[in-house]
């Protein structure tokens, strides 16, 4: 009888074999770590892809903005005077169209990291329509001047430290404008910078009285 019970217990033990609680816990922990690693990798990949797409989009916007400014400056007829010399570093106003016909007056200006293009009611007048061309402009943080002006001799015309009378140096003598725009879609060590040199074709080869 004892031998029969022993064999029965042995058969029942073999039929009910399985994993212990410790083995199940270790397996679950390893699967959890593996899942977290895969999820972290996917998240990092998606974040990097989003960053790359944003950088490419930002570069295209910067280039397009510089192209727009360049087009208006190239067609300036003429560059309109501003109130003070210091304004020229971040602002420019131009008249577009034939001087003997109807002209459109355009103002470009940088304010609080945003580059705007506005249509004016008259030279130096009020803005009747505003277009936000570019945001996240980092010129101030990078020490980059938006507009720099040069005369026919290639000498840069100063936009600081001069009296209001010196406004004429730019409105009359500038024949080339150097444009620099730095913008960053996300905070980073070095924003994307686009530059362009524009010749004022209605002013070449020089300006009156220069």
Checklist entry - From the set of residues in the range 57-73 that are surrounded by 14 or more Cβ atoms within 10 Å (Cβ to Cβ) and more than 18 Å from residue 145 (Cα to Cα), which is modelled with the highest pLDDT? => result 72
Item to check | Residue list for the range 68-84, restricted to those being touching a residue at least 24 places away in the same chain (Cβ under 8 Å) and closer than 17 Å to residue 201 by Cα | outcome: 68, 69, 70, 72, 73, 74, 75, 76, 77, 78, 79, 80
Checklist entry - From the set of residues in the range 88-105 that are touching a helix residue (DSSP H, G or I) at 6+ places or on another chain (Cβ under 9 Å) and not in a loop (DSSP other than H, G, I, E, B), which is surrounded by the most Cβ atoms within 10 Å (Cβ to Cβ)? => result 88
Next on the checklist: With the structure loaded, tell me whether residue 65 is in contact with a strand residue (DSSP E or B) (Cβ under 8 Å, 6 or more places away or on another chain) and part of a loop (DSSP other than H, G, I, E, B) or whether it fails that test.
Outcome noted: no
Checklist entry - Are any residues in the range 112-146 in contact (Cβ under 8 Å) with a residue 40 or more places away in the chain and closer than 17 Å to residue 95 by Cα, and if so, which ones? => result 117, 123, 124
Next on the checklist: Here is a check on your reading of the model: is residue 85 surrounded by 18 or more Cβ atoms within 10 Å (Cβ to Cβ) and within 27 Å of the chain's Cα centre (by Cα)?
Outcome noted: yes
Checklist outcome for this item: Of the conditions (1) at pLDDT below 90; (2) surrounded by fewer than 16 Cβ atoms within 10 Å (Cβ to Cβ); (3) closer than 24 Å to residue 84 by Cα, the single one that residue 169 does not satisfy is (2)
Next on the checklist: Return the residues of the range 106-126 that are within 14 Å of residue 96 (Cα to Cα) and assigned to a strand (DSSP E or B); say none if nothing qualifies.
Outcome noted: 106, 107, 108, 117, 118, 119, 120
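The values are calculated or read from the model by the stated rules, or taken from the named source; none is laboratory data. Because the structure is predicted, anything quoted here is derived from the model rather than measured. Using ideal geometry, Cβ is built from the backbone for each residue, glycine included, and neighbour counts are taken over all protein chains shown.
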